[in-house]
Amino acid sequence: QVRLVESGGGLVQAGGSLRLSCTASGTIFSINTVGWYRQAPGKQRELVAAITRDYNRNYADSVKGRFTISRDNAKNTVYLQMNNLKADDTAVYYCNIKSPTSRETWGQGTLVTVSA
């Protein structure tokens with residue numbers, strides 16, 4: 001059974017930085033696409049960033065140039081470095097792992113709150 005454990009959320013002032021981590025177990029981590037999604041109150045969940053097994057990255061337009069996704073296959077971990085945070089980045093952030101057969105698993109979510 002695939003399990004994802006997220007950490008790194010919290011409260012930060014606008015302009016500050018946070019780094020989210022997500023560690024997977026129960027899967028061959030290196031063959032999966034991993035990503036971060038977020039859901040703000042009253043809004044739909046949206047993709048923030050994803051990184052494939054070949055290290056191809058894609059980002060939401062709203063975070064390009066501010067957020068960086070990376071992965072460490074030796075640690076079964078994906079990171080999201082978030083810089084120059086804005087109030088609009090406030091949301092619950094979810095880790096997602098997608099297998100080559102498109103089977104998905106979600107983490108429990110970690111809250112990021114950016115104060116203006």
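The values are calculated or read from the model by the stated rules, or taken from the named source; none is laboratory data. Nothing here was measured: the structure is a model prediction, and the numbers come from that model. Positions of Cβ are backbone-derived with ideal geometry, glycine not excepted, and every protein chain shown enters the neighbour counts. Protein only, heavy atoms only, side chains kept; ligands, DNA and RNA dropped before computing areas. Shrake-Rupley method; radii C 1.70, N 1.55, O 1.52, S 1.80 Å.
Using a simple spin-label model with pseudo-atoms 7 Å out from Cα toward Cβ, GLU46 and LEU111 lie 2.1 nm apart. Scaled against 2.2 N^0.38 Å for its residue count N, the alpha carbon radius of gyration of the chain is 1.00. Stretching SER70 away from LEU11 to a fully extended chain increases their span by 19.0 nm, per 0.36 nm per residue minus the current alpha-carbon distance. Would you please give the FRET efficiency between SER99 and GLN39, computed as 1/(1 + (r/R0)^6) with r the Cβ-Cβ distance and R0 = 22 Å, to the nearest 0.05? Computed FRET efficiency for SER99 and GLN39: 0.45.
Computed in the context of the full set of protein chains, the accessible area of the chain at 1.4 Å probe radius has 46% of its extent on carbon or sulfur.
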